[in-house]
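The values are calculated or read from the model by the stated rules, or taken from the named source; none is laboratory data. Predicted, not measured: the structure shown is a model, and the values here were computed from it. No Cβ is skipped: glycine too gets one built from the backbone with ideal geometry, and neighbour counts run over all protein chains shown. Remember, those area values only see protein heavy atoms, side chains included, never the ligands or the DNA or RNA. Shrake-Rupley method; radii C 1.70, N 1.55, O 1.52, S 1.80 Å.
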Amino acid sequence: MIIGLVKEIKNNENRVGLTPGGVSELVGNGHNVLVEKDAGIGSGFEDGQYLEAGAVILDDKRELFNQAEIIVKVKEPLESEYELFRPGQTLYTYLHLAPNLALTEMLIEKRITGIAYETVQLANGQLPLLAPMSEVAGRMSVQIGATLLQKYNGGMGILLGGIPGVSSAEVVIVGGGVVGTNAAKMAIGLGARVTVLDVSKNRLVYLDDIFGGRISTLICNESNVAQAVKKADLLIGAVLVAGAKAPKIVKEDMVKTMKKGAVIVDVAIDQGGSIETIDRVTTHDKPYYEKYGVIHYSVANMPGAVPRTSTFALEAATLPYLVQIANKGVNRALLEDPSLLAGLNTYNGMITCEPVAVNLGFDYVDPKQYL
């Protein structure tokens, strides 16, 4: 197959879909890899390294799209890229379609086979291609929150871990999945007091066990959320419903009760956000804004700030599936691997991911009928 690796154009997105090592593996399997000039530069990979791995470097992005059968990216295409796609191509990337009608319509119109990293799902419910970036974003959320709590950023001017004789900050994490667990690890490591809310009692039992009772756990209902939000110095939104828009767990009235100079970091923003007062997606250039005296951070590509770590972590998860797709052909690979099939969001002009269809008001089609 001809695989095209493109340079990301989202604001301060420095990750890349394949390292030179990943290209070498694909070439070793008999495939041709086209790499857009400087695609890997933000992650520290020079064009020469891709050439040594067997890739062809193209200056012209349009030519790459014209030739490639599979387009490999990290983030969803932006509107300026829509025209580059040609009917029948396969797109392999994070898509996050539930809050993005325009992209969904383009994929349908051009009959793109859209395989979304974030909905590839194992039989046990785990999301193997989302997990590495959730780990990065969860850990980053605490680093970012600690920085924003500093006075010159508009925060209340407190040290997350405190010092002996001075109380540490109160970190509240809504969602106890991969993001929430990694956020809790970082917050505990810095000496903060941590509360995690989740709808699953079993998940809370697990978290209490692995953290040895060093966190407080609460069932995620409206009353508990309201009380926890009110006391939070740093509030982290870590809610995920695979493929669907994130539910608005933290209401506007709750945010109004927060302390002046408190901080909210909503990691769920790429799926629409779980905090009602998060009314915009921000960028690494202008990452936060203030509302009701509370600092709101809502950057949709948080791991793009640490691209080298993120690229290696992402490729380790995504490359085995890409090799399957290239070696077997798209349809056979999807039919033979139920976890990969769960990642299929659009196919031949149809929506093949039920949560996306429900959120955007489209008919859902079972892809097995057509593959």
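Measuring nothing but protein heavy atoms, the accessible surface of segment 178-254 at 1.4 Å probe radius is 52 percent carbon and sulfur.
Taking a span of 27 Å or more along the helix axis (Cα atoms) and a mean Kyte-Doolittle hydropathy of at least 0.0 as the rule, the DSSP H helices of the chain that qualify are 307-328. Note: relative contact order over segment 189-231, using C-alpha pairs below 8 Å and six or more positions apart, is 42 percent. Each other residue within a Cβ distance under 14 Å of residue 169 adds +1 if Lys or Arg and -1 if Asp or Glu, for a net charge of +2.
Under the combined filter of DSSP loop state and at most 15 neighbouring Cβ atoms within 10 Å, segment 39-103 retains these GluC sites (Glu not before Pro): 46, 83.
Take residue 280: with every protein chain present and a 1.4 Å probe, its accessible area is about 110 Å².
Both the radius of gyration and Dmax for segment 1-148 are 16.0, 49 Å, in that order, over alpha-carbon atoms.
Only protein heavy atoms count here; on that basis, with a 1.4 Å probe, residue 254 has an accessible area of about 10 Å².
Relative contact order of the chain: 18 percent, from C-alpha pairs under 8 Å at least 6 residues apart in sequence. Distance distribution P(r), segment 182-268, all Cα-Cα pairs, bin width 10 angstrom from 0: 15, 50, 32, 3 percent. Take segment 79-124, drop everything but the C-alpha atoms, weight them equally and run the Debye formula without solvent; then report log10 I(q)/I(0) at 0.20, 0.34 Å⁻¹ to two decimals. Scattering profile of segment 79-124, log10 relative to I(0): -0.65, -1.39. Over all projection directions, the Cα-based convex hull of segment 121-245 averages an area of 8.4 nm². When the inverse distances between all different Cα atoms of segment 223-268 are averaged and flipped, the Kirkwood radius reads 11.2 angstrom. Between residue 259 and residue 126, the modelled labels are 3.8 nm apart [label points 7 Å from Cα along Cα→Cβ].
With a probe of 1.4 Å, find how much accessible area segment 133-184 has per residue, and write the answer as a whole number in Å².
Value returned for segment 133-184: 37 Å² of accessible area per residue.
Near the amide H of residue 35, within less than 5 Å, lie the amide hydrogens of 5, 56, 57, 58, all on another chain or at least 5 residues away, with H placed in the peptide plane.
Here the Kirkwood formula, the inverse mean of 1/r across different C-alpha pairs, assigns the chain a hydrodynamic radius of 21.3 Å.
Listed by chain and number, the lysines whose C-alpha is less than 19 Å from the C-alpha of residue 328, apart from same-chain residues fewer than 8 away, are 368.
Per residue, segment 193-319 exposes 42 Å² of accessible surface when a 1.4 Å probe is rolled over the protein heavy atoms with every protein chain present. Here the contact order of segment 57-153, divided by its residue count and restricted to Cα pairs under 8 Å and six or more residues apart, works out to 19 percent.
Helix-only arithmetic for the chain: the sum of -39500 (n - 2.57) across DSSP H runs with n ≥ 4, divided by the residue total, places the mean residue ellipticity at 222 nm at -10000 deg cm²/dmol.
Starting from the Kirkwood Rh over alpha-carbon pairs, what translational D in µm² s⁻¹ does segment 302-371 have by Stokes-Einstein at 25 °C and 0.890 mPa s?
179 µm²/s
Counting every alpha-carbon pair across segment 115-164, the share separated by more than 17 Å comes to 55%. Compared with the rule-of-thumb size 2.2 N^0.38 Å for a compact globular protein, segment 231-365 has a Cα radius of gyration ratio of 1.31. Counting only protein heavy atoms and a probe of 1.4 Å, the accessible surface of segment 1-77 is 43% carbon and sulfur.
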